[in-house]
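The values are calculated or read from the model by the stated rules, or taken from the named source; none is laboratory data. None of the values given here were measured: they were computed from a predicted structure. Cβ placement follows ideal geometry from the backbone for every residue including glycine, while neighbour counts extend to all protein chains displayed. Protein only, heavy atoms only, side chains kept; ligands, DNA and RNA dropped before computing areas. Shrake-Rupley method; radii C 1.70, N 1.55, O 1.52, S 1.80 Å.
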Amino acid sequence: MKKILIILLFMPLVVFSQKKKDRDTSAVIIQPNRIEFEKYREASDFYVVPGGEDGILVVEDTEESVKGGGYHWKLQMVDTSLQVVWSQNVVVPVDGSLLGYEYFEGKFYLLFSKSRYRIEDLIVYQLNSSNTDYIKYEITTVFPIEITHFESVGETLLIAGYANFRPVLITFNINERKPRVVPGFYDNKNDILDLVVDDESKFFTVILSERMRNKKFTVRVKTFSDNGDIIQDNLINPGERRSILDAASTTFAGGLQYLAGTHSKKSLQYSQGFYLSKFINGQQQFNKYYPFADLNNFFGHLKPKREERIMSRIERKREKGKTKKFSYRLLVHEILERDGEYIMIAEAYYPRYNHSNNSGYGGFGTNTGFGRSNPFFLGYKYTHAVVLAFDPNCNILWDQTFKIEDIQSYSLEKNVVVSASGDKVVLMYLKENEIRSKVVEGNEIIEGKTFNPIKLSFEADEVKSKDPEIEGLKRWYDDTLFAYGEQSIKNENGVAGKTTRKVFYINKIQYNLDRQPN
């Protein structure tokens, strides 16, 4: 049986050398610990599930076959100092795949399909953070579901997705071991935008996009108890001329709920500004709309001269009593609550296509017979993140932007992580072994964009290659995050008798805002 090499680091980490020496590094970002899991099989995949101060569950699809059928999936629990607490294997059917994972109050939940051909048959492993005890649940949804969301709340698992292109929500009580279809979804042709869980109240909220009679779109927000009983049903009324394109929601607290997102008067793909909405006990108090031109720093990611030209055009329009219109595609994140104010995050992006006529074939397009000029989808290119704060009356307090460079993906993904500490907000994303960050306080920039290389384990380590598709940055607990990814590392001095190793790494990320930026 192969031994898995795990490298634990409790010493000053080594900075991965940068090609661009003139880039500023952050004075506040700290990387105190690192752990490596050696990757023996090229096809094996790793997944990480943050569990707050209980640690991180590391899940590896080893592709090691089990006598009698199935594959071993290796589970390793690491604590906040990145030490392995326990390790064990579970068996997953050969055709099974990991569909979702979740953590709630000391327990981790892993959702697997049993077969690619019978997606209504599911397996859930419930694992304790403190020991190797686990419970295996088998769930049958009766009808096939394309699963888009998996959450846990109290003693209930939530599975949301689509059946026959219609939304469906299923609850599964782990004590009763019976699935229940929550009524009020399947009969509507809505889209599920998000599923939000409030750990304290054990309520959950489903956010849906809904078409109105005037063919405009809005957002419906339904809040339920953990057993699936409806508590509140809110529908945003945008008026006759606007469509609400998306929404993020605060947790349901004593009947108070805020919604924030983007709106448009024409296009359903491009938004023209933000909206903020307040509900009390199911009654909409008001909607407030903010065009992009009304924000102080929306164009702050641009070069200074270009930003100045845009701001001049905005001001000339304003002098005539008009508002300059801009259209953007935005991916809306969750809403953070901090000391009486609410922080909203969104990322701007655009789709890229290959219009080259050098070939009649494309990797992500279909040859429709119209020749070699067919556009082929290349992915979504991200340009910048927008962060804005609003007060309990939905007045914007401040806004900031954070330029996103070199990131492109075939599916829409949230890249920027926002963390608030005191009056300051830290924005970060990971790209090719670099933590790119910015620190702001209201409309003031405390530390501009910086580039911190992912730190390695040994002085002689050198990254020979990395996989940009397998890396990320996640919130963990308090002011702590972690970075993860795959690297091929060379060390001429040798580590465990080898000069090269391919690893999956986790680096602990913290920030000290008491430090003075350079």
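I want to confirm something. Restricting to region 378-403 and keeping residues that are of a type in the set (D, E, K, R) and in contact with a Lys or Arg (Cβ under 9 Å, 6 or more places away or on another chain), which single residue is farthest from Ile435 (Cα to Cα)? Working first, answer last.
So in region 378-403, the residues of a type in the set (D, E, K, R) come out as 381, 391, 399, 403.
Filter once more, so that each one left must be in contact with a Lys or Arg (Cβ under 9 Å, 6 or more places away or on another chain): 381, 403.
Values: Lys381: 19, Lys403: 13 Å.
Selected residue: Lys381.
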Practice task
Could you pull out every one of the strands (runs of 3 or more DSSP E) wholly within region 148-236 that has 1 or more residues that are modelled with pLDDT of 90 or more and among the aromatic types (Phe, Trp, Tyr)?
Solution key: 156-163, 166-173, 203-211, 217-224
Practice task
Might you check whether a residue that is basic (Lys, Arg), in a strand (DSSP E or B) and either more than 23 Å from the chain's Cα centre (by Cα) or within 25 Å of Tyr350 (Cβ to Cβ) (or both) occurs anywhere in region 260-270?
Solution key: no
Fill in the blank from the handout: The condition from (1) of a type in the set (A, V, I, L, M); (2) outside any strand (DSSP E or B); (3) under 21 Å from Lys403 (Cβ atoms) that Leu481 misses is numbered (2)
Handout entry: Hits in region 221-237 (condition: open to solvent by less than 50 Å² (accessible area, probe 1.4 Å), of a type outside the set (Gly, Ala, Ser) and within 16 Å of Gly282 (Cβ to Cβ))
Key = Val221, Lys222, Thr223, Phe224, Gln232, Asn234, Ile236
Handout entry: Single condition Ile280 does not satisfy, out of (1) of a type outside the set (Phe, Trp, Tyr); (2) open to solvent by 60 Å² or more (accessible area, probe 1.4 Å); (3) within 25 Å of the chain's Cα centre (by Cα)
Key = (3)
Fill in the blank from the handout: Within region 452-475, restricting to residues that are hydrophobic (A, V, I, L, M, F, W, C) and surrounded by fewer than 20 Cβ atoms within 10 Å (Cβ to Cβ), the one that is modelled with the lowest pLDDT is Ile470
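Which residue is surrounded by the fewest Cβ atoms within 10 Å (Cβ to Cβ), if the candidates are limited to region 401-415 and must be in a loop (DSSP other than H, G, I, E, B) and in contact with a His (Cβ under 8 Å, 6 or more places away or on another chain)? Please lay out each step first, then the result.
In the first step, residues of region 401-415 are kept if they are in a loop (DSSP other than H, G, I, E, B); the result is 404-407, 410-415.
Next, only the ones that are in contact with a His (Cβ under 8 Å, 6 or more places away or on another chain) stay: 404, 414.
Details: Ile404: 21, Lys414: 16.
Across region 401-415, the extreme among qualifying residues is Lys414.
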Handout entry: Count of residues meeting criterion [open to solvent by 10 Å² or more (accessible area, probe 1.4 Å) and of a type in the set (A, V, I, L, M, F, W, C)] in region 417-451
Key = 6
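Conditions (1) within 25 Å of Val182 (Cα to Cα); (2) open to solvent by 10 Å² or more (accessible area, probe 1.4 Å), marked per residue:
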residue	(1), (2)
Pro93	no, yes
Glu102	yes, yes
Phe108	yes, no
Ile119	yes, yes
Leu127	no, no
Ile139	yes, no
Practice task
Read through the list (1) surrounded by 19 or more Cβ atoms within 10 Å (Cβ to Cβ); (2) under 22 Å from Gln284 (Cα atoms); (3) not hydroxyl-bearing (Ser, Thr, Tyr), then give the number of the only condition that Glu210 fails.
Solution key: (1)
Exercise for the section: Could you tell me whether region 255-263 includes any residue that is without any contact (Cβ under 8 Å) to a residue 40 or more places away in the chain, open to solvent by 20 Å² or more (accessible area, probe 1.4 Å) and closer than 27 Å to Ile139 by Cβ? Expected result: no
